[in-house]
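Working notes for the structure below.
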Amino acid sequence: MTASRAYVASPHIDTTVPHSARVWDYWLGGKDNYEVDRVLGDAYRDVFPGIVDIARAQRLFLCRAVRFLAGEMGVRQFLDIGTGLPALDNTHEVAQQIAPDARVVYVDNDPLVLAHGRALLTSTLEGATDFIEADVCAPGDIVEQAAVTLLDLRRPVAVLMLGILGHIGDGEAHRIVRQAMAPLVPGSYLAVCDGVITSAARAQAHDAYNKSGAAPYILRTSDQIGGFLDGLEFVDPGEHGPGMVAPHLWRPELPSIRPVIDVEARAGVGRKVR
């Protein structure tokens, strides 16, 4: 089990420039953000209020996907790449509620994420968690490190890439996905979720965001995001499928009692079959 570590502020944390993980944390209602992040977050939300729905829908998708994988599919190993700041219902918490022996490796290279993650992401006695400082652009190294520290690559692994591939160009993003999945055995899974653009308000807000100094983020089409699962077997998303769906529509646990709204993001899960 990874021991809890005391939080130590990093001298590399820049509080003068907005940061995507901290802005996302603000939209989720978290406290690990600074004034510069809140100003940008408010400016985005003022133009496109739906961004808060996207942030929350993606978080709930993570919970449902992990419960599905740990429960129905029996997966006991998770690799969460680009994990972001700890929030309610982190990957290991969700997985270990279903399977106390689940093992979870988190990956990020942002100093604030690392500081908080190493302090807060602890495990059950039966399972284990670890946190790797690494660049998403080196997925082979990530998988190798995860295998050294915690994961058994002879058994299936569920890889989570939620909100991270939008920070990477098309060709590079596909390479990252391929190299992350290549060492994993059949029966492993990949879950993805990223933003799409379907409204002028989203386009306007996002253009301002990308000019703010925060790490740029690429909005793609549903088909483009689904392309990251090419070569994998699509997991049925439920009544709103097939294919990629808005994150709140992926295997919803309760039937909708209101008209279904469009959340401008798309989510999907694929299974490696060979």
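The values are calculated or read from the model by the stated rules, or taken from the named source; none is laboratory data. Source: prediction; values computed, not measured. Here Cβ is always computed from backbone atoms with ideal geometry, including for glycine, and neighbour counts include all displayed protein chains.
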Task: Candidate set: segment 112-154, residues that are modelled with pLDDT under 90 and of a type in the set (Ser, Thr, Tyr); chosen: the one farthest from Ile81 (Cα to Cα) - done: Thr124
Open item on the list: For a quick check of your reading of the model, give me the residue pairs whose first member lies in segment 250-269 and is surrounded by 11 or more Cβ atoms within 10 Å (Cβ to Cβ), whose second is polar (S, T, N, Q) and at pLDDT 80 or above, with beta-carbon atoms closer than 8 Å and at least 6 apart or on different chains.
Closed with: Asp262/Thr198; Glu264/Thr198; Glu264/Ser199; Ala265/Gln58; Arg266/Ser222; Ala267/Gln58
Task: Whichever residue in segment 69-92 is buried (at least 20 other Cβ atoms within 10 Å of the Cβ) and part of a helix (DSSP H, G or I) and, among such residues, is nearest to the chain's Cα centre (by Cα) - done: Thr91
Task: helices (runs of 4 or more DSSP H) wholly inside segment 163-245 that include at least 3 residues being touching a residue at least 12 places away in the same chain (Cβ under 8 Å), over 28 Å from Ile261 (Cα atoms) and of a type in the set (S, T, N, Q) - done: none
Open item on the list: Residue under question is Arg45, and the condition is that it be modelled with pLDDT of 95 or more, farther than 30 Å from Val273 by Cβ and either surrounded by fewer than 20 Cβ atoms within 10 Å (Cβ to Cβ) or hydrophobic (A, V, I, L, M, F, W, C) (or both); does it hold?
Closed with: yes
Open item on the list: Considering only segment 168-178, I want to know if a residue exists there that is crowded, with 20+ Cβ neighbours inside 10 Å, small (Gly, Ala, Ser), at pLDDT 95 or above and touching a strand residue (DSSP E or B) at 6+ places or on another chain (Cβ under 6 Å).
Closed with: no
Task: Number of the condition not met by Val23 [criteria: (1) buried (at least 19 other Cβ atoms within 10 Å of the Cβ); (2) modelled with pLDDT of 95 or more; (3) part of a helix (DSSP H, G or I)] - done: (2)
- [ ] Among the residues of segment 98-133, count how many are surrounded by fewer than 17 Cβ atoms within 10 Å (Cβ to Cβ) and either without any contact (Cβ under 8 Å) to a residue 12 or more places away in the chain or not in a helix (DSSP H, G or I) (or both).
- [x] 7
Open item on the list: Looking at Ala138, Ala200, can you tell me which residue is more than 29 Å from Asp42 (Cα to Cα), surrounded by fewer than 21 Cβ atoms within 10 Å (Cβ to Cβ) and of a type in the set (Gly, Ala, Ser)?
Closed with: Ala138
Open item on the list: Go through (1) touching a Ser or Thr at 6+ places or on another chain (Cβ under 9 Å); (2) within 19 Å of Ser20 (Cα to Cα) for Thr122 and report which single condition fails.
Closed with: (2)
